[in-house]
Amino acid sequence: MKVLITANFTPEGIRELEELGIEVIYEPWTRRNRVLLSDELAERIVATGAKAVILESDLCHGEVFEAAKLKFIGCCRCDPLVVDLDCANASRTPVFFTPGRNAEAVADLTVALMIDLLRQVIPAANAVRSGDFNPETPADYIEALQRFSGPELGSRVVGIIGLGSVGSAVARRLLAFGSALLVHDPFAPDERLRAFNARRVGLSELFRLSDLVTLHAAEREENGGMITADLIGAMKPSAYFLNLARASLVDNGALYRALADYRIAGAALDVFSREPVSTDDPLVKLPNVIALPHLGGASPDVVRHQSEMIVASVRSWLKGKKPRHCVNPEVI
């Protein structure tokens, strides 16, 4: 069986698929530097004679299902948004996916940004590089150290919005630091919160009490704009806001005003309303904002995780079993 892989995949993962008797056609989207539209993906499937496809960012809509009867689709995403699941169900095509593939990478970056914000790592490094850190007397040196001093992460209250795979990975790291954890997630079971010594609170209380607020909620229609101006206005003047989830969850105009007026201390943002982010974005121009170009999942380990998960699903499917990570197991 031929399988077209347009996702990033490890050599080890390809080798394991080949050991299962699969002929792999590897055309990662990052090599061609663009995403295929659904009709273009359909053309490649037909041209290669592939009987299955493993994708990440290419669109898999009606054109694909009309062009070929696929045995399975592997989607290297936490949520297979690029696949038309109605078409997959109608054609009885199982869709494998990779929940939590980037959780550890995003959690690492989240905690790194918390420390950057609290300890003023980037301003201090910029001061040294620019020559602004140039004390001539002991008094100057003491003043400079005081200017860049900051609290320990373990002494802070951290509010986590969303205790799914990423939020849980963040909580696990913060538990080691000793931070007090507040959580807002109506769907997280009590035992998950107990594992992190976290307290469940409403959004208003979380914003009011937290020294750092970190957003890890899913991008769903009902969550759009969930972080309102009132919530941002309830934050402490010394508090920081982090968004490594989606920009659509936040009233970014209200966030900008709060940061520009220094009604909150600062923010770290990895997601923006328009991406790729540019210097034209008002939030990027603020001196109290760390702006990153959606780097949360930019780790080779994410490719390793998604490769391992898809290979495991294909192996189970070939044995006639229902894979652990299949969106529509009822079609198998």
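Rule-based calculations on the coordinates, nothing more; no lab input. Quick caveat, the model's predicted, so the values are computed rather than measured. Positions of Cβ are backbone-derived with ideal geometry, glycine not excepted, and every protein chain shown enters the neighbour counts.
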What is the ratio of the Cα radius of gyration of the chain to 2.2 N^0.38 Å, where N is its residue count, to two decimals? 1.14
In degrees between 0 and 90, to the nearest 10, how far off the longest principal axis of the chain does helix 121-130 point, with axes built from Cα atoms? 70
Trypsin sites (Lys or Arg not before Pro) within the range 187-296: which are DSSP loop residues with at most 15 other Cβ atoms inside 10 Å? 220, 263, 274
Computed FRET efficiency, Cβ-Cβ of residue 24 and residue 86, R0 25 Å: what is it to the nearest 0.05? 0.35
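Charges at C-beta only: +1 for Lys and Arg, -1 for Asp and Glu. How large is the resulting dipole of the chain about its Cα centre, in Debye rounded to 20?
Numbers: 36 positive and 42 negative charges, 166 e Å.
Once rounded to the nearest 20, the dipole reads 800 debye.
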Just report the Cα centroid separation between the range 306-332 and the range 204-251, whole Å. 36
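Keeping to pairs on different chains or 8 or more places apart, tell me how many lysine pairs in the chain have Cα atoms under 13 Å apart. Show your work: numbers first, answer last.
Numbers: 2/51; 2/69; 2/71; 51/69; 51/71.
Lysine pairs meeting the criterion: 5.
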Only loop residues by DSSP count here, and only those with at most 12 other Cβ atoms within 10 Å; note down the trypsin sites (Lys or Arg not before Pro) in the range 9-86 that meet that. 34, 69
To the nearest 10 degrees, how steep is helix 38-48 against the longest Cα principal axis of the chain, on a 0 to 90 scale? 50
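At 0.692 mPa s and 37 °C, plugging the Kirkwood radius over alpha-carbon pairs of the range 103-291 into Stokes-Einstein gives what diffusion coefficient in µm²/s? Can you show the working numbers first?
Details: Rh = 17.2 Å.
Taking Rh from Cα pairs, D becomes 191 µm²/s.
Arrange 272, 241 by Cβ neighbour counts within 10 Å, fewest through most, would you? Don't jump to the answer; show the numbers that get you there.
Values: 272 20, 241 27.
Ordered by Cβ neighbours within 10 Å, fewest first: 272, 241.
Taking the range 110-204, which GluC sites (Glu not before Pro) meet the DSSP loop condition and have no more than 12 other C-beta atoms within 10 Å? Write out the running numbers ahead of the final one.
Details: sites: 136, 143, 152, 191; in loops: 136, 152.
For GluC sites (Glu not before Pro) across the range 110-204 that sit outside H, G, I, E and B with at most 12 neighbouring Cβ atoms in 10 Å, the list reads 136, 152.
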Which angle from 0 to 90°, rounded to the nearest 10, does the C-alpha axis of helix 165-177 make with the longest principal axis of the chain? 40
Once the dipole of the range 103-291 is set up with Lys and Arg at +1 and Asp and Glu at -1 on Cβ about the Cα centre, which of 169, 130, 148 lies farthest towards its positive end? 169
Please work out how much length the chain gains when fully extended from residue 130 to residue 298, using 0.36 nm per residue of separation minus the C-alpha to C-alpha distance, in nm with one decimal. 57.6 nm
Work through the residues other than residue 147 whose Cβ is under 14 Å from its Cβ and net out their charges, Lys, Arg +1 and Asp, Glu -1. -2
